[in-house]
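Participant: Sharing a structure here in C-alpha cells format.
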Amino acid sequence: ARKYVLTKYFQGEPKKSDFRIFEEELPEIKDGEILTEAEYLSVDPYMRAYMIGYKLPTDMIGGQVAKIIASRNDQYPVGKYVAGSFGWRTHTICNPKSSPYLGFMPITLLPDMSPHPISLGLGVLGMPGNTAYFGVKEILYPKAGETIAITGAAGAVGSHVGQIGKILGCRVIGFAGTDEKCEYLQELGFDHAFNYKTANIKTALREGAPNRIDCYFDNVGGEISSTIMGHMNKYGRVAVCGSISSYNDTALPKVTILQPSIVFKELKVEGFLVNRWLDRWDEGIKANMNWLQEGKIKYQEKVYNGFDNMVEALVGILRGENTGKAVVKVK
Ligand code: NDP
C-alpha cells in the first residue's frame, strides 16, 4: 500500500513538501475484514482546515471509493465497491462491522449506480450529498416560496443544495467565483447566480432576492456572509456549513460584527457537521438517489488523475478550479 503522511503543518496553500509518500506492507486479512483498492480519492476543503488539530506526522485523512479485492466478510463480497474514510492511501484493510466509522462517514457498500460513475459515492451519493440533504432539511427547513441564498454555490455541496431548494419550490440564488460557474447554476435551475468576485453583493441581493432571504446556506464565511445576513428576513435560518474563505489564512479572519442582524432579525444561526446524522446516512443517500434517477439532481465532476497528484487536486479546489465535486482517479 502507498499512503500520504502529513509531516508539516500547512502554511497558506498546501504544498507537496508538506507530505511524504510511504510504502507499507499490509498483513493478511482476518475474519470479518476486507481488503480494498482505492479507485477514486476525494479532495475536500475540510482537509485544509482540519489537519491543524492533528499531531504530526499523521496519515492524511479523506474519503475514497474503493473496490473490494479480498474479503472474509460475506456481506462485503469481492468485486463490490465501498465508500469509506480510508485516507489518502491505495489499499486498506478494515472491518466494516466492528469499526464502521473511521472518519466523517460510515463504510458504505455502494449500490449499483450505472449509468452514473461510481465516483458519485464521494459526491451526490456520498458525504457532500448528505451535507446538502441534512443541512437543508434539518437546519434550514425551507417552505415553498421562501428564498434561499447559497455561497460556494457551484461546488459539490452548494450545487446540490440549490437543486434541493428548487425541488422544494423555493427561489434560489447562488454566488460563485466565475461567470462560467454562474451559467452552470442557471442551467441547474437557480433563479439567479452572481459572480461574487465581480458583482456588488448588495445590488445582487436586491436584484436576486427582492423579498429578501429566508434561508442562507453558508459555505464560505467572511464578509459576503455578513452582507447576506444583513439582507435576511425576520426569523431567517442560517446553516453554517463551512468557511472556506479563511481556510488558507494563518491569522483569524476579520469580519464585520453580525450580532445586530442576528438580534433584530431574530435569526437562527446554526453550525453543523454532517456526521451528526451518521445514524440516518442511508436516508440521505436514498433521497438523493431517487432525485438523481428522476432527473431532478444533476451533477458535474472535476476529475484529476493519478495518486501522485493529490496535492495538486487539493490546491485546485481551494483555488476554485472545480465545478461540482472534485475527485482523483487513482489509476
Ligand atoms: P467545493 O466543491 O465547493 O470546492 C470549494 C469551492 O470553494 C471552490 O471551487 C471555490 O469556488 C470556493 N472557494 C475557494 N476559495 C474561496 C473563497 N476565498 N471565497 C469563497 N469561495 C471560495 O467544496 P464542497 O462543496 O465540498 O464544500 C463546500 C463547503 O462546505 C466548504 O466550506 C466545506 O468545508 C464545507 N463542508 C462542510 C461539511 C460539514 O459537515 N459541515 C461537509 C462538507 C463540506 P468559487 O470559484 O466559487 O470561489
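Participant: Cβ-Cβ below 7 Å, separation at least six or inter-chain, first residue in the range 30-46 and over 12 Å from Arg89 (Cβ atoms) and more than 16 Å from the ligand (Cβ to nearest atom), second charged (D, E, K, R) and not in a helix (DSSP H, G or I): which pairs?
Facilitator: These pairs meet every condition: Lys30/Arg72; Asp31/Arg72; Gly32/Arg72; Gly32/Lys97; Glu33/Arg72; Glu39/Lys67.
Participant: Six or more apart or on different chains, Cβ under 8 Å: which pairs go from a residue in the range 229-241 that's at pLDDT below 95 to one that's among the β-branched types (Val, Ile, Thr) and away from the ligand (no atom under 16 Å from the Cβ)? Could you list them?
Facilitator: Pairs that qualify, where the first residue is at pLDDT below 95 and the partner is among the β-branched types (Val, Ile, Thr) and away from the ligand (no atom under 16 Å from the Cβ): there are none.
Participant: Between Pro115, Pro106, which is on the phi < 0 side of the Ramachandran plot and more than 15 Å from the ligand (Cβ to nearest atom)?
Facilitator: Pro115
Participant: Out of the residues in the range 180-189 that are closer than 23 Å to Glu223 by Cβ and without any contact (Cβ under 8 Å) to a residue 40 or more places away in the chain, which is surrounded by the fewest Cβ atoms within 10 Å (Cβ to Cβ)?
Facilitator: Per the criteria, the residue is Cys182.
Participant: Does Asp214 satisfy the condition of being away from the ligand (no atom under 15 Å from the Cβ), among the acidic types (Asp, Glu) and surrounded by 15 or more Cβ atoms within 10 Å (Cβ to Cβ)?
Facilitator: So Asp214 passes the test.
Listed here are the residues, each with its yes/no results for (1) crowded, with 23+ Cβ neighbours inside 10 Å; (2) more than 12 Å from the ligand (Cβ to nearest atom); (3) closer than 12 Å to Phe217 by Cα.
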| position | (1), (2), (3) |
| --- | --- |
| Ile148 | yes, yes, yes |
| Thr151 | yes, no, yes |
| Gly155 | yes, no, no |
| Gly158 | yes, no, yes |
| Lys166 | no, yes, no |
| Gly169 | no, yes, no |
| Val172 | yes, yes, yes |
| Phe175 | yes, no, yes |
| Thr178 | no, no, no |
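Participant: Is it true that Thr227 is within 15 Å of the ligand (Cβ to nearest atom) and polar (S, T, N, Q)?
Facilitator: The answer is yes for Thr227.
Here's the yes/no breakdown for (1) touching a residue at least 40 places away in the same chain (Cβ under 8 Å); (2) surrounded by 15 or more Cβ atoms within 10 Å (Cβ to Cβ); (3) assigned by TED's automatic domain parsing to the domain that holds Tyr9; (4) under 18 Å from the mean Cα position of the chain (by Cα):
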residue: Thr256; (1), (2), (3), (4): no, no, no, no
residue: Pro260; (1), (2), (3), (4): no, no, no, no
residue: Val263; (1), (2), (3), (4): no, no, no, no
residue: Leu267; (1), (2), (3), (4): no, yes, no, no
residue: Gly295; (1), (2), (3), (4): no, no, no, no
residue: Leu318; (1), (2), (3), (4): yes, yes, yes, yes
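Participant: Being within 14 Å of the ligand (Cβ to nearest atom) and assigned to a strand (DSSP E or B) is the filter here; which residues of the range 282-331 pass it?
Facilitator: Glu301, Lys302, Val303, Tyr304, Gly324, Lys325, Ala326, Val327, Val328
Participant: Show the residue pairs that are 6+ apart or on different chains and have beta-carbon atoms under 6 Å apart, the first residue being within the range 197-225 and in contact (Cβ under 8 Å) with a residue 24 or more places away in the chain and more than 11 Å from Thr151 (Cα to Cα), the second being among the basic types (Lys, Arg) and crowded, with 18+ Cβ neighbours inside 10 Å.
Facilitator: Here the result reads Cys215/Arg237, each pair linking the range 197-225 to a residue that is among the basic types (Lys, Arg) and crowded, with 18+ Cβ neighbours inside 10 Å.
Participant: Against the conditions (1) within 20 Å of the chain's Cα centre (by Cα); (2) farther than 30 Å from Leu314 by Cβ, where does Tyr184 fall short? Just the number, please.
Facilitator: (2)
Participant: I would also like to ask the following. Any idea which residue in the range 107-120 is nearest to the chain's Cα centre (by Cα), counting only those that are more than 16 Å from Arg280 (Cα to Cα) and of a type outside the set (S, T, N, Q)?
Facilitator: So, considering only residues that are more than 16 Å from Arg280 (Cα to Cα) and of a type outside the set (S, T, N, Q), the one nearest to the chain's Cα centre (by Cα) is Leu120.
Participant: Could you tell me which residue of the range 272-281 is nearest to the ligand (Cβ to nearest atom), considering only residues that are under 17 Å from the mean Cα position of the chain (by Cα) and part of a helix (DSSP H, G or I)?
Facilitator: Val274
Participant: Any residue that is more than 14 Å from the ligand (Cβ to nearest atom), of a type in the set (S, T, N, Q) and assigned to a loop (DSSP other than H, G, I, E, B) - is there at least one of those in the range 251-265?
Facilitator: For the range 251-265, residues more than 14 Å from the ligand (Cβ to nearest atom), of a type in the set (S, T, N, Q) and assigned to a loop (DSSP other than H, G, I, E, B): present.
Participant: Can you run down the residue pairs with Cβ atoms below 9 Å, 6 or more apart or on separate chains, where the first is in the range 163-179 and not assigned by TED's automatic domain parsing to the domain that holds Ala209 and the partner is surrounded by fewer than 18 Cβ atoms within 10 Å (Cβ to Cβ)?
Facilitator: No pair meets every condition.
Participant: List every residue pair whose Cβ atoms sit under 9 Å apart, with the two residues 6 or more apart in sequence or on different chains, where the first one lies in the range 110-133 and is closer than 22 Å to Leu273 by Cβ and the second, anywhere, is acidic (Asp, Glu) and assigned to a helix (DSSP H, G or I).
Facilitator: Short answer, once both residue conditions are applied: Asn130/Glu283; Tyr133/Glu283.
The values are calculated or read from the model by the stated rules, or taken from the named source; none is laboratory data. Computed from a prediction, not measured in an experiment: that's the story for all the values here. So basically every Cβ, Gly included, is an ideal-geometry build from the backbone, and we count neighbours across all protein chains shown.
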